[in-house]
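Report on the following structure.
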Amino acid sequence: MTSNFRWLILSILIATALPACGFVHDEKIDGPYHLVAIDVNEQMDVCYEIKDACVERIGATVFAVGHNESYIVAARHPSNNRTGTQYFYLVRSLDGPTADPASSVHGPFDAAEFESERARLSLPPFDVEMAGLK
């Protein structure tokens, strides 16, 4: 085999193998929203699926989510630091494929602030929890 032919075969193998890599975790929350981790579970975030990509909405390390027709809620340990928990909610009517997450994602909140927002807006409960990340 010539070196050019070997390079062509290797390139084809790499090109076909890469799309199959996927995520270590990909769980649909609702609609275009997913709970995903790319390489390790500690990278778990909430993202918005657009074609074959998933654009981050609430960054790692998300360990609990919930949803209703109006909101997505999430709890996370920032950068997998389990000594602190931050809470977020996403207003679905303000989000979309080309939306700036800064307009639809609210937070971080501490527990007391989030409970106040939950009561004010009737935010949904957390119904999915990643026990290994809590």
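Can you list which of the trypsin sites (Lys or Arg not before Pro) found in segment 62-113 are DSSP loop residues with at most 15 other C-beta atoms within 10 Å?
Values: sites: Arg76, Arg82, Arg92; in loops: Arg82.
Sparse-neighbourhood loop trypsin sites (Lys or Arg not before Pro): Arg82.
What ranking of Cys47, Cys54 emerges when the number of other C-beta atoms within 10 Å of each C-beta is taken as an exposure proxy, fewest first?
On the way: Cys47 23, Cys54 20.
By the 10 Å Cβ count, ascending, the order reads Cys54, Cys47.
Let me check against my output: what whole-number percent is the relative contact order of segment 22-133, with C-alpha pairs under 8 Å and at least 6 apart?
Computed over segment 22-133, the figure is 21 percent.
If I model a spin label at Leu94 and Arg82 as a point 7 Å from the Cα along the Cα→Cβ vector, what separation in nanometres do I get?
3.3
Throughout, read-outs are computed from the coordinates displayed, never taken from laboratory work. Remember, predicted model here, so these are calculated numbers, not experimental data. Don't worry about glycine lacking a Cβ; one is built from the backbone with ideal geometry, like all the others, and counts go over all protein chains shown.
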